Structures are given as C-alpha cells and as structure tokens.
Amino acid sequence: MATVVHGLQLLPAMPRWLLAPLCALAMRGAQGREMMALFGTLPREAAAIGAIPREPSRYADVRCPTLLLVGGKSPAFLSRAADLLQGALPDARRVVIDGVSHNAPDQQAPARVAEQLAAFFADARAVPAQLPSCAR
C-alpha cells in the first residue's frame, strides 16, 4: 500500500519507513477494509491504463468541446496529463479547482465540481446538436 501511495504521489513526499505505518493505520477502519478489498483490481486497472497510448497527438481528432478538471492539489502527473491533453485537443477548456485533489468529485468538493460541469454544459459550445462533428 505504501508503495502505491508513494508511487502515485498521493501524499506529500515522505520516506517509506514513515509512510508504511501510516498506511497500516489508515487501513484499520471500515473504509480501509473496503479499500483493501478493492486492491485486487489494481493489477488489471494498471494493465488497462498501461495500454492507453501516451501520445497526446492521438487525441487531436476529437472535435467535441472537452472539459479538463484538475484539482489544485492533485498529483503532478495528473496536472501534466491535463496540460498535454489541453495542448492536443482542439477545443479543450482546463479548469483548476484550487484547494482540492483528485478526490474533489466524490469527497472534497462535489458542489464545486458540479458547478463547473453545469457551466460547461450550459455553454452553447458544449451542445452537441450545434456541433455535428461531435456526433461521429
């Protein structure tokens, strides 16, 4: 668990000798048991993610407006991915939600995420009927 947390940069940098007991403590409660039960899916998820082409130009043909939401405290690799996608997607809008991490939609700021989604879908550019190329 500590290796995964460290590798995904889910917490501020700290030595593994400190991270391992903190992860063990976090796994003691009901939420920790639920997380450990889901850990068995990690190898398949990692394989699926590994199979995704990493060349951003692959997405240049996407013509639909795209919203890229990034938490201001998200791991650096997620922010870099959003930067690359914004550069590759012809109609991308990148929004940083300050003060939250990758867990904003479900744990930290669901209302702020919903607000950004509502604004995006309310924008006339985001209505697929007005953009026939999106229907492909």
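Any read-out appearing in this document is the output of simple, stated calculations on the displayed coordinates, not a laboratory observation. This one's a predicted model, so the numbers in the text were calculated from it and none came from an experiment. In this analysis, Cβ positions are derived from the backbone assuming ideal geometry, glycine residues included, and neighbour counts consider all displayed protein chains.
Tabulated results
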read-out	value
Potential lengthening between Gln108 and Phe121 on full extension [0.36 nm per residue; Cα-Cα distance subtracted]	2.5 nm
Cα gyration tensor of segment 9-114 - equivalent ellipsoid semi-axes, whole Å, descending	30, 18, 14
Charge sum, other residues only, whose C-beta stays under 12 Å from Gln86's C-beta, Lys/Arg counted +1 and Asp/Glu -1	+1
